[in-house]
Amino acid sequence: MVLVAVFGVALLIAVLLSGLAARTILSTSFLFLVGGAIVSDGFLGLIHITPDSGIVSVTADLALFAVLFTDGMHVSFPKLRANWKSPARALGLGMPLALVGVALITHFLVGLDWTTSFLVGAVLAPTDPVFASAIVGRKEVPSRLRQLLNVESGINDGLALPIVLILIAAAGPTAGHAESSLGMIGLELGLGLAFGIVLPLLVIGLLRFRLLGAEPKLQPLLPLAIGIILYGLCHLTHANPYLAAFSAGAVLTAVAPAEAKTAFEPLGEQLAELAKFAALLVFGALLTPQLFGDLSFGGYVVVFLAIVLIRPASMLVSLLGTGFDRRERLVAAWFGPKGFASVVYGLLVLQAGIPQGQEAYTLIAVCIAASIIAHSSTDVPIARLFHVEDVAGIPADKDEPAKRSGHEVEHNRS
């Protein structure tokens, strides 16, 4: 109950400061991260959470699933068909370059063996647009840029997972958390994709029967029910829930009645925000002074280079020869935040019992925390490069009438 009370207090503070956060470098994500750290054993000692606590993996898993499900619903297949080359290059070239780059600096600056170094690179390769919502959620930003960041982050989680599992298996004892069989990993990914496509199609198909249909006030619950069933089904069958979530959201956008999608969007966004905030609070509780003290100087150099050099350079290389202008390329290069996928995969590394797992997890955790702070505090200033003035959806001057329609804001500031 202490954790629930702390979450409620943090949520209230975040809501009261959200207007200010939406116009400045302050972010609500940062508030929950710091709030979790303050009430943890490292400071006030109000809550006691360790990396092997079940609530850590559960909250991160739920948050990642919810965020990917709602992100998938922002995918436009017509626009994706017209601009598929850039996301493909980001995934097929940019992501491997980032993985290898992080692995190289981890090996030479931290001293981890090659297998564990590549494991760190694989864990930190996925990106998360939720910490750059002022960019991916604004129609003033070019749609091809938003589509690139959204599709890249939605798919790279599933692409990184088999690499993470294979490297965990190769690094040593796995404590039952990794599958050494490539066939099994492929099956999990395939099942996740299949469930994410088939289940929404099946449910939408049921709406064609004359006796079936949702009354208006219950329409928002239709996608929610699909998401809940999908989450449970994936965990019962060991299918990849993240690939399933993103693909299900994208399929629903393509085939669901427009009124159902429109009705679900506010509810879906709020649920995803709550899941994200809960996961950030719990993850923040793991960020103790001891954790930061355990990371070597070389580790901090790796964290810095991973955020400001490796990701930007790899994305810039992958976008060479594309139609993106200089400003769009630089924004795409900067926004490669490490999010809940990296949290989940980092916990797998720690729980697998590999020889250098603790050192790898410490580096991963500090890098995720630094990335969340850096990217969630810069999305508003960078959004203004695209003339996004009313980022929060509320005017800076309370006496000034709002000048936007309800469709101008797709996301609130995270």
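The values are calculated or read from the model by the stated rules, or taken from the named source; none is laboratory data. Since the model is a prediction, treat every value here as computed from it, not as a measurement. When we count neighbours, we look across all protein chains shown, and the Cβ atoms used for this are built from the backbone with ideal geometry, even at glycine. We work out accessible area using only protein heavy atoms, side chains counted, and drop any ligands, DNA or RNA first. Shrake-Rupley method; radii C 1.70, N 1.55, O 1.52, S 1.80 Å.
A few remarks follow.
- Those residues of segment 11-34 which are open to solvent by less than 20 Å² (accessible area, probe 1.4 Å) and in contact with a helix residue (DSSP H, G or I) (Cβ under 6 Å, 6 or more places away or on another chain), in sequence order: A14, A21, S27, T28, S29, F32, L33
- Residue count, segment 232-273 (criterion: surrounded by fewer than 20 Cβ atoms within 10 Å (Cβ to Cβ), hydroxyl-bearing (S, T, Y) and at pLDDT 85 or above): 1
- Lone qualifier among P289, P257, P266 - being closer than 24 Å to F195 by Cβ and either in contact (Cβ under 8 Å) with a residue 24 or more places away in the chain or of a type in the set (A, V, I, L, M) (or both): P257
- Criterion violated by T59 - all others in (1) under 17 Å from the mean Cα position of the chain (by Cα); (2) open to solvent by less than 10 Å² (accessible area, probe 1.4 Å) satisfied: (2)
- Within segment 327-343, none of the residues are open to solvent by 10 Å² or more (accessible area, probe 1.4 Å), within 22 Å of A125 (Cα to Cα), of a type in the set (V, I, T) and modelled with pLDDT of 90 or more.
- Filtered by the rule that a residue be touching a residue at least 60 places away in the same chain (Cβ under 8 Å) and open to solvent by 10 Å² or more (accessible area, probe 1.4 Å), segment 103-126 gives I105, L109, V110, G111, D113.
- Criterion: touching a residue at least 24 places away in the same chain (Cβ under 8 Å) and on the phi < 0 side of the Ramachandran plot - qualifying residue of G8, G35: G35
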